[in-house]
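The values are calculated or read from the model by the stated rules, or taken from the named source; none is laboratory data. Just so you know, these numbers come straight off a predicted model, no measurement behind them. Don't worry about glycine lacking a Cβ; one is built from the backbone with ideal geometry, like all the others, and counts go over all protein chains shown. We work out accessible area using only protein heavy atoms, side chains counted, and drop any ligands, DNA or RNA first. Shrake-Rupley method; radii C 1.70, N 1.55, O 1.52, S 1.80 Å.
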Amino acid sequence: MDHIDGKTLKLLFKGGAQYLSNKSDEVNKLNVFPVPDGDTGSNMAYTLNYAVKEMEKASDNINDILNSLSRGALLGAKGNSGVILSQIIRGFAKSLLNHDIITIKDFAEALNMGSSVAYKAVMKPTEGTILTVVKDCANKALKLSKIKDFEVFIDGIVKAAAESVERTPDLLPVLKQAGVVDSGGKGFLFILLGMLETIKGHEVVQEYTTNDVSTNEADLTNINFKYCTEMLIKANSQMSYKLKREIESFGDSLIVVGDDDLIKVHIHTNNPGLVLQNGLKYGDLLKVKIDNMKIQHENIILESKNNLKQDNSLPAKKYGFLAVSPGDGISKIFKELGCDVVIDGGQTMNPSALDILNGLEKINAENIIVFPNNKNIIMTCEQAMTMADKNIYVIATESFNQAISAIINIDANMSIDDVIRSINDTIEKITTIEITYSIRDSVIDGINIKSGDILGFVDGKFTAIGTDYNEVALKIISDNISDDTSIITIYFGKDVSEDKAKDLQNFISFDGDIDIQYGGQPLYYYVISIE
Amino acid sequence: MSKIAIVTDSVSDIPDDIVKLYDIYVVPLTIDIDGVSYKDGIDIKKDDFYNLLNSGKMPTTSQISPIEFMEVFSDLLKSYDEIICILLSSKLSGTYQSALLAKENLKNSKITVLDSKNFSLGSGFLVIEAAKMARNGSTRDEIVGKINDMIPKISYIMIFDSLDYLYRGGRLKKSQAILGSILNIKPILVNNDGELEIKDKVRGRKNAIKWIINYMKETNVDFKRKEIGLLHTDREEFMLEIENAIRNEFGVTNFIKNRAGCSAGVHAGPYAVGVFFELD
């Protein structure tokens with residue numbers, strides 16, 4: 001076969017998407033820090049599945065396919081890797097427009113165009129990432145463009161991708177240090193592997209039913225595990241590590257915390273029964289809570305659909321705000337501060353460009369200021385910005401506390417330039433401390449880290465390790481306050497009690513105000529703002 | 001030499017010793033709590049008032065009536081030749097109007113009523129100056145001239161804990177009350193021609209103190225030889241922190257400090273502080 005038609009093009013993307021979906025967990029695990037934030041695989045799979053779902057609505061006409069694929073990818077893009085993937089697809093599609101058939105040479109040139117569009121979309125392209133892998137593939141593809149058989153051609157690209165992925169740790173030291181290859185590059189390799197299987201005539205089948213994110217609306221989430229299961233066990237807290245080991249393979253978002261003679265367990269699983277059985281081995285169950293997150297999510301989708309229209313009953317205000325929030329407490333604060341739209345999202349729960357776009361459409365303001373509040377959501381917001389026909393300013397906030405302080409300092413009488421300046425001034429003066437835990441044994445900066453250890457980060461940089469989150473938080477806070485510090489705000493997460501947060505407050509020696517707020521964020525015991 | 005009585009309302013928050021020293025006559029506003037009326041500082045003392053305020057009660061104030069002023073004025077004119085009455089801003093209370101009405105009804109040219117365009121210690125500054133001048137034998141015209149000259153120069157900074165009390169008292173439009181007490185956000189209010197203007201907002205005590213110092217610096221006034229008024233509604237330690245900062249920054253040694261009376265307390269709510277000073 002020396003060329004492909006629209007039908008085959010569809011099959012290739014479908015196969016690639018399915019293969020990536022099957023392997024998304026494997027990709028998720030390739031995160032540099034052993035903290036529970038790996039979501040590259042889920043994000044890329046979501047993005048590609050969304051594109052494929054849109055593509056399947058199209059006819060077999062190549063232009064139809066490419067347009068719907070490209071637009072679907074741009075809208076479905078989640079996380080930085082999803083945004084980059086959507087840009088690759090956009091470039092790929094652009095290059096192939098107005099072709100009746102796609103030859104090997106066309107395909108190679110399209111891949112090359114995908115690579116250059118993706119490079120241009122990233123402000124500071126980093127080598128050793130998906131960008132390098134796609135570039136290496138494109139170069140190889142151009143060299144192979146005289147080949148007469150698509151199967152041999154794609155096989156050659158796959159080999160180049162695999163080699164390129166293996167080289168990523170040589171190009172990006174953080175990968176080498178963590179002993180992983182780049183997750184986005186690996187995800188891209190899986191897409192190509194799915195295409196190879198397809199061109200060989202093998203259907204890529206779905207491996208886990210719960211992992212499917214492509215078939216219907218309600219499944220358009222990256223919920224791999226349906227039941228949010230929580231239990232409180234009256235048991236020796238020393239046993240919490242053992243219990244954690246036993247149940248960690250049952251699902252994700254696992255948190256096991258021991259406190260005196262209690263063990264608190266939180267897990268997303270498809271087998272709540274097994275989790276409870278294991279808990280029972282250690283003691284009486286004091287409290288059990290099981291929620292079906294898919295049903296919750298469907299409700300969210302329905303609600304958001306009913307509520308999509310911009311409110312034009314009032315004249316446009318000067319400034320509108322959209323903020324991404326990782327917890328219910330934080331959402332409440334944003335709303336009280338006058339944010340027009342608050343979108344749920346954070347680590348491992350990135351919103352898509354479409355989610356952001358829908359939010360933007362609702363706001364009736366002359367200028368809309370967007371706070372992504374997560375490194376991995378900034379590009380998604382920027383992508384949504386380019387798709388909305390409004391004056392939008394995306395502020396590259398990496399944590400929600402930056403946005404909260406920035407909004408407080410805004411004076412609605414200021415000009416937009418002054419508002420942006422004020423926001424940037426505020427953000428610059430904030431030190432952000434995050435306290436989370438390790439999900440696997442690892443080594444960072446020469447320090448041995450065990451699964452379950454408490455890790456502390458200052459402005460994204462790993463700084464402290466310990467076994468008690470209050471102790472780690474106290475140490476980092478003490479190290480980061482100075483005479484210039486005017487206020488400390490402690491946002492405690494959903495797995496921390498207010499009493500525990502007050503204990504921390506009482507131990508901090510500081511002559512200014514220490515403000516405690518319920519943030520409700522998952523995975524992070526505390527996010528602390530020092531200003 | 002004509003004998004001049006200096007009259008003000010209980011919102012002026014002049015410390016008791018100064019009131020006694022200069023024979024200042026203070027007319028109380030009425031405080032209503034749960035349907036019971038109290039004369040500010042007479043039927044209800046500060047301790048009891050703040051206990052009620054801290055327990056979550058939302059008291060209200062009523063302006064001084066014309067009749068009350070007529071009684072006070074008539075009484076004073078028995079032993080004084082002249083009356084100078086300095087009252088809180090006419091934009092904050094109808095008390096000034098009541099005093100004018102009382103004067104008209106008495107048809108007595110010996111009564112002068114002045115709108116301080118200020119409140120609390122801001123009016124207090126004017127009243128104290130008038131009382132000092134009266135004691136030193138100044139004439140009515142001299143005193144009124146001096147006070148009118150001072151009125152636009154008296155400035156204040158109020159740091160509130162919440163705008164709820166001000167809003168409930170009808171001193172603020174709802175749109176301005178939007179910043180509640182979340183996140184330790186403190187509204188900062190300044191005097192705008194007799195009205196309270198929300199100037200800014202800050203988080204936490206330290207930022208509030210920085211704001212006060214900056215604002216005072218920008219006036220380019222040499223505060224060293226000036227008297228600074230400090231007020232609190234049951235937040236003495238915060239007021240003392242501010243005092244220290246002003247002392248250190250400007251070398252001020254002369255402070256008039258007071259815990260706000262019930263009238264100012266009703267509108268500021270608990271945990272507010274204020275700084276009062278005269279510009280050049």
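Where both partners of a DSSP beta bridge lie in chain A, what percent of those bridges are antiparallel, to the nearest 5? Don't skip to the answer; put the middle values down first.
Numbers: 50 of 69 bridges.
About 70 percent, rounded to the nearest 5.
Identify, among A:Ile369, A:Gly338, A:Leu75, the residue whose Cα sits farthest towards the positive end of the charge dipole of the protein assembly as shown, taking +1 on the Cβ of Lys and Arg and -1 on the Cβ of Asp and Glu, with the dipole about the Cα centre.
Among A:Ile369, A:Gly338, A:Leu75, the one farthest towards the positive end of the dipole of the protein assembly as shown is A:Leu75.
For B:198-208, what's the mean count of beta carbons from other chains sitting within 10 Å of each residue's beta carbon? Spell out each step's value before the answer.
Working: counts 0, 1, 2, 3, 4, 12, 10, 5, 9, 5, 2.
Across the residues of B:198-208, the mean count of other-chain Cβ atoms within 10 Å is 5.
What does the convex hull of the alpha-carbon atoms of region B:4-150 project to on average, in nm²?
Projected area, direction-averaged: 8.7 nm².
Using modelled amide H (1.01 Å from N, peptide plane; none on Pro or chain starts), what sits under 5 Å from the amide H of B:Lys201, excluding residues fewer than 5 places away?
Amide H neighbours of B:Lys201: B:Ile188.
Starting from the coordinates of the alpha-carbon atoms of region A:375-531, obtain the Kirkwood hydrodynamic radius over all distinct pairs and give the value in Å to one decimal.
By the Kirkwood definition, the hydrodynamic radius is 17.0 Å.
Size of the dipole of region B:4-150 about the Cα centre, Lys and Arg at +1 and Asp and Glu at -1 on the beta carbon, nothing else charged, in debye to 20? Intermediate values should be presented prior to the final figure.
Working: 15 positive and 22 negative charges, 51 e Å.
In debye, rounded to 20, region B:4-150 gives about 240.
Tell me the per residue accessible area of the protein assembly as shown using a 1.4 Å probe; a whole number in Å² is fine.
Details: 34990 Å² over 811 residues.
Result: 43 Å² per residue.
Between region A:145-166 and region A:507-531, how far is it from one alpha carbon centroid to the other, in angstrom?
Cα centres, region A:145-166 to region A:507-531: 52 Å.
Hey, got the dipole for the protein assembly as shown? About the Cα centre, +1 on K and R Cβ, -1 on D and E Cβ, debye to the nearest 20?
Working: 88 positive and 112 negative charges, 162 e Å.
It works out to roughly 780 debye.
Near the amide H of A:Lys23, under 5 Å away, which other amide H atoms are found, from residues 5 or more places off or on another chain, if H is placed in the peptide plane?
The answer is none.
Can you give me the three principal axis dimensions of region A:308-428 from its C-alpha atoms, in Å, biggest first?
For region A:308-428, the Cα extents along the three principal axes come out at 36, 33, 26 Å.
Mind jotting down a quarter of the surface of the convex hull over the alpha carbons of region B:1-71, in square nanometres, one decimal?
5.9
Give the Debye-formula value of log10 I(q)/I(0) at each listed q (0.14, 0.16, 0.25 Å⁻¹), with one equal scatterer per alpha carbon of region A:228-289, two decimals each.
-0.29, -0.38, -0.99
What shape does chain B have by the C-alpha gyration tensor, where a ≥ b ≥ c are the square roots of the eigenvalues, rounded means a/c under 1.5, and otherwise prolate means a/b greater than b/c and oblate the rest?
On the way: a/c = 1.90, a/b = 1.31, b/c = 1.46.
Oblate shape, in that a/c is at least 1.5 and b/c is the bigger or equal ratio.
Just to check I understand the Karplus step: with θ = phi - 60° and J = 6.51 cos²θ - 1.76 cosθ + 1.60, what whole-Hz values come out for region A:277-290, glycine and proline as x?
Result, rounded to whole Hz: 4, 5, x, 4, 4, 9, x, 5, 8, 7, 7, 9, 9, 10.
Bin by bin, in steps of 20 Å, what percent of the Cα pairs in chain A do you find, going until the bin that has the longest distance?
21, 53, 24, 2
What ³J(HN,Hα) values, in whole Hz, does the Karplus curve 6.51 cos²θ - 1.76 cosθ + 1.60 give for region A:483-496 when θ = phi - 60°, with x put for Gly and Pro?
Values per residue, Gly and Pro as x: 4, 7, 5, 10, 7, 10, 10, 10, 9, 8, x, 6, 9, 10 Hz.
Take the cross-link list A:Lys244/A:Lys335; A:Lys23/A:Lys390; B:Lys57/B:Lys91 and give me the ones stretching past 28 Å between alpha-carbons. Could you put the intermediate results ahead of the total?
Working: A:Lys244/A:Lys335 36 Å; A:Lys23/A:Lys390 38 Å; B:Lys57/B:Lys91 25 Å.
Beyond 28 Å between Cα atoms: A:Lys244/A:Lys335; A:Lys23/A:Lys390.
Using a 1.4 Å probe on the protein heavy atoms, what percent of the accessible area of the protein assembly as shown belongs to carbon and sulfur? Each step should come with its number before you reach the end.
Numbers: 16850 of 34990 Å².
So the carbon and sulfur contribution to the accessible surface is 48 percent.
Taking 10 °C and 1.306 mPa s as the conditions, I'd like the Stokes-Einstein D for region A:108-160 in µm²/s, using the Kirkwood hydrodynamic radius from alpha carbon pairs.
Numbers: Rh = 11.4 Å.
It diffuses with D of about 140 µm²/s by this estimate.
Report, to one decimal in Å, the Kirkwood hydrodynamic radius for region A:471-531 based on all distinct Cα pairs.
Details: mean 1/r = 0.0864 Å⁻¹.
Over region A:471-531, the inverse of the mean reciprocal pair distance is 11.6 Å.
Picking from A:Val174, A:His202, A:Ala501, whose Cα lies most toward the positive end of the charge dipole for the protein assembly as shown (charges on Cβ: Lys, Arg +1; Asp, Glu -1)?
Selected residue: A:His202.
Would you please give the residues with an amide H less than 5 Å from that of B:Lys257, counting only those at least 5 places away or on a separate chain, with H modeled from the backbone geometry?
The answer is B:Leu230.
To the nearest 100 Å², how much accessible surface do chains A and B hide from each other in total, with a 1.4 Å probe? Could the numbers behind the result be given before it?
Details: alone 23490 and 12940 Å², together 34990 Å².
In total, this chain pair buries about 1400 Å².
Sorted from largest to smallest, which semi-axis lengths in Å does the alpha carbon gyration tensor of region A:3-219 give for its equivalent ellipsoid, taking the root of 5 times each eigenvalue?
Details: eigenvalues 121, 82, 49 Å².
The three semi-axes for region A:3-219 are 25, 20, 16 Å.
Order the peptides B:205-211, B:4-10, A:58-64 from the highest to the lowest mean number of other Cβ atoms within 10 Å of their residues.
Working: B:205-211: 20.3, B:4-10: 25.3, A:58-64: 15.0.
Top to bottom by mean Cβ count within 10 Å: B:4-10, B:205-211, A:58-64.
Post the alpha-carbon centroid distance, region B:204-280 to region B:73-138, in whole angstrom.
Using only Cα atoms to place each centre, the spacing works out to 26 Å.
How large is ³J(HN,Hα), in whole Hz, for each residue of region B:58-63 in order, when computed from phi with the Karplus curve 6.51 cos²θ - 1.76 cosθ + 1.60 and θ = phi - 60°, using x for Gly and Pro?
Computed from phi, the couplings for region B:58-63 are 10, x, 10, 10, 10, 5 Hz.
Under a Cβ-only charge scheme (Lys and Arg +1, Asp and Glu -1), can you give me the dipole magnitude of chain B about the Cα centre, in debye to the nearest 20?
Working: 36 positive and 39 negative charges, 122 e Å.
For chain B, the charge dipole is close to 580 debye.
Counting only DSSP beta bridges with both residues in region A:308-428, tell me the antiparallel percent, nearest 5.
Values: 1 of 14 bridges.
Beta bridges within region A:308-428, antiparallel portion: roughly 5 percent.
Considering the options B:Phe160, B:Ser10, B:Phe49, tell which one lies farthest towards the positive end of the dipole of chain B, charges being +1 on Lys and Arg and -1 on Asp and Glu at the Cβ, about the Cα centre.
B:Phe160
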